[in-house]
Amino acid sequence: MEIYTELIDRLERARARDREALLVFDLDGTIYNNELRTLRILLEFAHLHAKRFPDLQRQIDKLPCAVLQYKIADTLRGLGLADAEMIDEVEQFWFDRFFTSEYEIHDLPTPGAVDLVNALYQRGAVPVYLTGRDAPNMLLGTVQTLLRDGFPVGTVDTRLILKDRFERDDTEFKRSVFEHLERCGDVIAAFDNEPGLANLFRERFPEALVFWLDTHHAPDAEPLRPDVLRIENFLALSPP
Ligand SMILES: [Mg+2]
């Protein structure tokens with residue numbers, strides 16, 4: 001509640017200066033839980049190949065998201081499934097599907113995200129969805145899920161920014177967007193689940209409130225700066 005009031009104060013200050021009050025949200029692991037996407041892909045593989053890999057199907061069928069690790073191979077080894085050729089095949093199957101519009105519709109919003117984005121949007125903030133997803137493969141599903149879940153999207157007072165190609169590095173890409181953001185408004189808050197990216201926002205936008213979502217992130221991440229705020233989801237920032 002306190003932080004929510006602080007966000008409102010900051011957005012009103014930006015608007016009083018005739019600047020857009022930009023709120024930057026990462027998608028995967030931040031306003032969306034994409035582990036459900038991985039779970040769906042694993043379930044699909046397990047069911048399609050149950051005859052060849054009966055142990056895999058038995059294990060995957062009772063799997064909650066909580067046992068998913070960042071890498072498919074680590075998840076499978078953690079379940080006692082060690083067949084290297086099978087692991088390679090499952091990884092390839094996952095890779096061919098995970099970064100596509102067809103599968104991202106299995107994602108669900110992080111608790112509290114829809115309410116927070118809408119509350120601040122109605123107060124005049126401009127949500128900027130800035131994601132490492134790539135437009136050629138993932139734009140359609142991204143728009144579909146944002147619309148389905150009730151996030152403001154597609155209007156003059158929102159931004160949806162995806163990578164122009166899959167191969168681009170997420171950090172280099174997000175850094176390249178910063179100067180465009182600075183030109184059109186004041187970044188009042190930013191949210192990301194990757195510690196390195198949260199740190200990057202902290203350094204580039206010292207006036208902003210920067211939040212790190214403690215959901216899941218790539219292994220071997222750099223340490224989070226102490227002046228980045230940690231949250232598990234958006235419920236703590238809920239509007240009154
Ligand atoms: Mg992310």
Relative intensity, log₁₀ I(q)/I(0), of the stretch 14-59 from a Debye sum that treats every alpha carbon as a point, q = 0.22 Å⁻¹: -0.77
Antiparallel content of DSSP bridges confined to the chain, in %, to 5: 10
Per-pair calculated FRET efficiency, R0 = 45 Å: Arg52 and Ser176 via Cβ, rounded to 0.05: 0.55
Rg/Rh (Cα only; Kirkwood hydrodynamic radius) as it applies to the stretch 29-151: 1.05
Modelled FRET efficiency - R0 25 Å, Leu229 with Cys65, Cβ distances, 0.05 increments: 0.55
Accessible area of the chain belonging to carbon and sulfur atoms, whole % at 1.4 Å probe: 51
Cα-based Kirkwood hydrodynamic radius, the stretch 35-104, one decimal, Å: 11.9
Residues with amide H under 5 Å from that of Asp28, placed H, sequence gap 5 or more: Gly132
Compactness of the stretch 142-240, expressed as Rg and Dmax over alpha-carbon positions, Å: 14.4, 42
Taking the chain and dividing mean pair separation by its residue count, relative contact order in percent (alpha carbons under 8 Å, at least six apart): 28
Proximal lysines to Lys163, defined as alpha-carbon separation beneath 25 angstrom and excluding residues fewer than eight positions away on the same chain: Lys71, Lys174
Per DSSP, loop GluC sites (Glu not before Pro) in the stretch 143-217 with at most 12 further Cβ within 10 Å: Glu167, Glu207
Low-density loop cleavage sites - trypsin sites (Lys or Arg not before Pro) in the stretch 37-93, where at most 11 other Cβ are within 10 Å (DSSP): Lys51, Arg52, Lys62
Glu91-Ala16 FRET efficiency (beta carbon distance; Förster radius 45 Å; 0.05 resolution): 0.30
Shape parameters for the chain, alpha-carbon atoms, Rg then Dmax in Å: 19.0, 65
Inter-centroid distance (Cα atoms) of the stretch 116-193 relative to the stretch 25-70, Å: 26
Where the chain is the region considered: accessible area per residue in Å², 1.4 Å probe: 49
List Ile31, Ile105, ordered by accessible area with a 1.4 Å probe, largest first: Ile105, Ile31
Simple spin-label estimate for Asp157 and Glu207 in nanometres, 7 Å along Cα-Cβ: 2.0
Kyte-Doolittle mean at least -1.0 and Cα axial length at least 15 Å: DSSP H helices in the chain: 2-16, 35-48, 84-98, 135-149
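The values are calculated or read from the model by the stated rules, or taken from the named source; none is laboratory data. What you see is a predicted model; the values in this text were computed from it and never measured. In this analysis, Cβ positions are derived from the backbone assuming ideal geometry, glycine residues included, and neighbour counts consider all displayed protein chains. Ligands, DNA and RNA are stripped out before the accessible areas are found, and what is left, the full protein with its side chains, is counted by its heavy atoms. Shrake-Rupley method; radii C 1.70, N 1.55, O 1.52, S 1.80 Å.
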